[in-house]
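The values are calculated or read from the model by the stated rules, or taken from the named source; none is laboratory data. On a predicted model such as this, the values are computed, not experimentally measured, just so you know. Positions of Cβ are backbone-derived with ideal geometry, glycine not excepted, and every protein chain shown enters the neighbour counts.
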Amino acid sequence: MTTSIADWSTLEAVVLAASSNGLIHRIEQAFEPARELLVPILSNPVVLAIWVAIVGVSVGVLWWDLREHNRVLGSFMKFVWTLTILYSGPLGLAIYWYTGRTQISRDSLWKRGFRSTSHCYSGCGAGEVVGITLAQGLLGWGLIAVAGTTFAFAYLLGFALTIGPLMQDGVGFKQAATDALWSETPSITIMEIAAIGTDLLLASEALITDTLFWLALAFSLSIGFLVAWPVNIGLIEFGVKEGMSDPSQMDGASGAD
């Protein structure tokens, strides 16, 4: 059974009416000082231009380093790091530099957690960008429809970027899907609650032509990453997921700087 736009509108009306003095209202009140601080900054076209330039430089540094010093990294991880930096700019570059290069002096749980979160982030972030842009930016749907659509795209692309590599390694689809469902659901769920919640808190009424629409999206993606990082550390620590391999142990790695 499919959910029509009318169904989404009815659901949204019921949820918003029930929560006008409930949890959502209390959350909005709690974060109102942060919203008042951030919205003017994220609505500034100059800030957007500076951010785009910083992201461009960060991606350029990544590609230079991959070409000059880290060619041994697999094409999939190069793709993951590119998306991570496109979403989070210098934050993504710092995470790559200290946790994802073959030159790291030693691996650790917190570094494995960052690599695992980046892997999850690459797919979920793409899903969030597609979902928010389609549902809010292009179709102008309401709050609940935007949140539901964005969650769906985030889960779809997040799982796809886990299932695909597993199948390339010879794992059957059923087993790959089961592994992805078990290992990725907690981190995807927490990441998207934080990211989508932040975006809608800051820019639920923004148009696709508004600076706030794009900067709030970028900001929310990084919030989702940071919130999901300790979750991935826990999943690795308790053996739910293995975490990404140590890049310094790859064939051809050049060792620590």
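Right, residue 136: in contact (Cβ under 8 Å) with a residue 60 or more places away in the chain, of a type in the set (S, T, N, Q), out of contact with any Cys (no Cβ under 9 Å at 6 or more places or on another chain) and assigned to a helix (DSSP H, G or I) or not?
yes
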Exercise. Any idea which of 158, 170, 140 is of a type in the set (Gly, Ala, Ser), modelled with pLDDT under 95 and either surrounded by 18 or more Cβ atoms within 10 Å (Cβ to Cβ) or closer than 19 Å to residue 190 by Cβ (or both)?
Worked result: 158
For this session: Under 6 Å between Cβ atoms, at least 6 apart or on separate chains: pull out the pairs that start in segment 49-67 with a residue that is of a type outside the set (Lys, Arg) and end on any residue that is surrounded by 13 or more Cβ atoms within 10 Å (Cβ to Cβ) and outside any helix (DSSP H, G or I).
Result: 54/89; 55/89; 58/89
For this session: Might you let me know whether segment 191-200 holds any residue that is modelled with pLDDT under 95, part of a helix (DSSP H, G or I) and more than 14 Å from the chain's Cα centre (by Cα)?
Result: yes
